[in-house]
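Undergrad: Would you mind keeping the following structure in view while I ask a few things?
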Amino acid sequence: MKRRHFIQLSSLAVVAGGAAYTLDRGIRYPSLGLELPVLPKSFLDRDTLIDHKDAIRVQTQTDQSRFRANVPEPKFELHVKTARTIQLLIENLSPKAQLQVTGAKSSTETASGLQRLVKLDLGSESRVLLQWTIPSAENYRFAAIGDTGGGPELGWCIKRAAALGADFILHLGDLNYRLEDYDLARANLLDSPIPIYVSIGNHDYRDGGIYYHDRFRALIGPLNNEFTLGGIRFLNIDTANDFFPASSGHRGNFIQQLKIKDNVRDTVAFTHRPMADPRPGDEHDIGGAGQIPWLASHLNRLNCKTLLAGHIHSKLEIEHEGIYNYIAGQGLAIEDVIAEKSVAEILLGD
């Protein structure tokens, strides 16, 4: 083979390989960028490996072993090399959550609001498990609301949800509209009397030409995850952007690996954008080539017939491709201002 032909074939192979990698990883649009790198699910604190698949490690300058739980009943696993003591601070835990520790020489837990400070005395070459559980109940109440920004509107929604007896909040995205909103949101989340699980919104990902997705994943939570409580399975799905192809990225990998569970009596998806916009002439839905059919096919496969969404700053309901969409994007209470009366509502579920 001539050298020129070999170089041409090699170049084609590189291009084909690059295209395959790009299609598998996925392209986010309209922001036009490759899907984000995978968040680590383990962290090395000195020579102790901490597996934290149910929580993000909060990246602050002062608390190296600080985590924010993404699920009501998180598990942590520590693989210890050398005997030592360690402190873990876990945020976003229900006041009802009860800790069980196995494998440690001794442990103490101190609660402050939704934060738990766990002090562990660890033996060398040991494996330590931490598991929080919520006592069984006939039902658990949740509130759902989106599009609050991070400021006083978010604080009001949190207080109102707690007053209505909610055990936790599903936030449907868009904590961020202003430069200071992530800091304000962080303060409101830390002050909350009930846990909050957040689905990323388009403004949380990118706003005014500035990318904020790193702050979301460092302070708020993952882009996609799931949990089950009281027999109800909750799916947190990223619709901050569209994906090409629709099956790519973290969202595609997350949804495609989900299987029906025997201990689940109902499945609820929560996300930022709805599957359809019921308002004539408006298209504030997921959109994008193949996005809705792909998502609907997998939700139907999982027997998920309910999807909670925000994005539209109104309270609306619509059935689309066999899935009932409840839209609760009134976190800023814009319609209250326009109508000069109380209109905005928080969605409640039991």
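Undergrad: Considering the range 172-221 alone, what residues qualify as being under 17 Å from Ala143 (Cβ atoms), hydroxyl-bearing (Ser, Thr, Tyr) and touching a helix residue (DSSP H, G or I) at 6+ places or on another chain (Cβ under 6 Å)?
TA: The answer is Ser192, and nothing else.
Undergrad: Of the residues Ile220, Ile237, Ile255, which single one is under 21 Å from Asn303 (Cα atoms) and either polar (S, T, N, Q) or in contact with a Lys or Arg (Cβ under 8 Å, 6 or more places away or on another chain) (or both)?
TA: Ile237
Undergrad: Is it the case, given these coordinates, that Lys81 is more than 17 Å from Gly221 (Cα to Cα), surrounded by 13 or more Cβ atoms within 10 Å (Cβ to Cβ), touching a residue at least 12 places away in the same chain (Cβ under 8 Å) and among the basic types (Lys, Arg)?
TA: Considered against the rule, which asks whether it is more than 17 Å from Gly221 (Cα to Cα), surrounded by 13 or more Cβ atoms within 10 Å (Cβ to Cβ), touching a residue at least 12 places away in the same chain (Cβ under 8 Å) and among the basic types (Lys, Arg), Lys81 comes out as yes.
Undergrad: Residue by residue through the range 297-314, note down the ones that are part of a loop (DSSP other than H, G, I, E, B) and not hydroxyl-bearing (Ser, Thr, Tyr).
TA: Correct list: Leu302, Asn303, Gly310, His311, Ile312, His313.
Undergrad: A further question on this structure: When you go through (1) in contact with a Leu (Cβ under 9 Å, 6 or more places away or on another chain); (2) under 23 Å from Glu226 (Cα atoms); (3) surrounded by 14 or more Cβ atoms within 10 Å (Cβ to Cβ) one by one for Gln87, which number turns out not to apply?
TA: Gln87 satisfies all of (1) in contact with a Leu (Cβ under 9 Å, 6 or more places away or on another chain); (2) under 23 Å from Glu226 (Cα atoms); (3) surrounded by 14 or more Cβ atoms within 10 Å (Cβ to Cβ) except (2).
Undergrad: Could you grab me the full set of residues in the range 101-115 that are in contact (Cβ under 8 Å) with a residue 60 or more places away in the chain and either surrounded by 15 or more Cβ atoms within 10 Å (Cβ to Cβ) or part of a strand (DSSP E or B) (or both)?
TA: Across the range 101-115, the qualifying residues are Leu114, Gln115.
Undergrad: Looking at the range 230-296, what strands (runs of 3 or more DSSP E) fall wholly within it and have at least 3 residues that are more than 15 Å from Asn325 (Cα to Cα) and either at pLDDT below 95 or in the same structural domain as Ile220 (by TED's automatic domain parsing) (or both)?
TA: The qualifying strands (runs of 3 or more DSSP E) are 242-244.
Undergrad: Can you name every residue in the range 29-57 that is touching an Asp or Glu at 6+ places or on another chain (Cβ under 8 Å) and at pLDDT below 95?
TA: Selection gives Tyr29, Pro30.
Undergrad: Next question. On the given criteria, is Glu125 exposed (fewer than 15 other Cβ atoms within 10 Å of the Cβ) and modelled with pLDDT of 95 or more?
TA: Answer is yes for this residue.
Undergrad: Report, by residue number, each residue of the range 128-163 that is surrounded by fewer than 21 Cβ atoms within 10 Å (Cβ to Cβ) and part of a strand (DSSP E or B).
TA: Once the filter is applied, which keeps residues that are surrounded by fewer than 21 Cβ atoms within 10 Å (Cβ to Cβ) and part of a strand (DSSP E or B), the range 128-163 yields Leu129, Gln131, Thr133.
The values are calculated or read from the model by the stated rules, or taken from the named source; none is laboratory data. Remember, predicted model here, so these are calculated numbers, not experimental data. Virtual Cβ from ideal backbone geometry, glycine too; neighbours counted across all protein chains shown.
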